[in-house]
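Here's the structure, in structure tokens; my notes come after.
The values are calculated or read from the model by the stated rules, or taken from the named source; none is laboratory data. Every value quoted in this text rests on a predicted model; they were computed, and no experiment measured them. Side chains are part of the model used for accessible areas, which takes the heavy atoms of the whole protein and leaves out ligands, DNA and RNA. Shrake-Rupley method; radii C 1.70, N 1.55, O 1.52, S 1.80 Å.
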Amino acid sequence: MEKVELTVSMEPERLDALRYFLAAKNKRTPQKELQRALEELYETYVPAETRAYLDARCRPDRSRRRRPAASKPTQPQKEEAKDGDH
């Protein structure tokens, strides 16, 4: 499923401080923490039935299986064909 980018604003000094303390404390980033918080909001406010429906829609269709790649003849098979022609 396609993703949409969200934009938030924060003063640069505050963002720098946040980056510093997140990295020092638990090696996290503001982006990772925002992603986690967004997932938490989604799970809190979107009903379970709706989440299940959307999850099923987002999964790749497993009924459409990829065709196997065409097999290439191996070297001995080519030699056999040459020997059979003589």
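Quick one: 3J(HN,Hα) in Hz for segment 18-28, Karplus 6.51/-1.76/1.60 with θ = phi - 60°, rounded, Gly and Pro as x.
Ordered by residue, 3J(HN,Hα) equals 4, 4, 4, 6, 5, 5, 5, 7, 9, 6, 10 Hz.
How much length is gained on full extension from Tyr20 to Ala48, taking 0.36 nm per residue of separation minus their Cα-Cα distance? Intermediate results must be reported in sequence, preceding the final value.
Details: separation 28, 0.36 × 28 = 10.08 nm, distance 3.62 nm.
Here the answer is 6.5 nm.
Could you order Met1, Met10 so the one with the most accessible surface comes first? Probe is 1.4 Å.
Sorted descending by solvent-accessible area, the residues read Met1, Met10.
If amide hydrogens are placed 1.01 Å from N in the peptide plane, which non-local residues have theirs closer than 5 Å to the one on Arg28?
For Arg28, the qualifying residues are Ala23.
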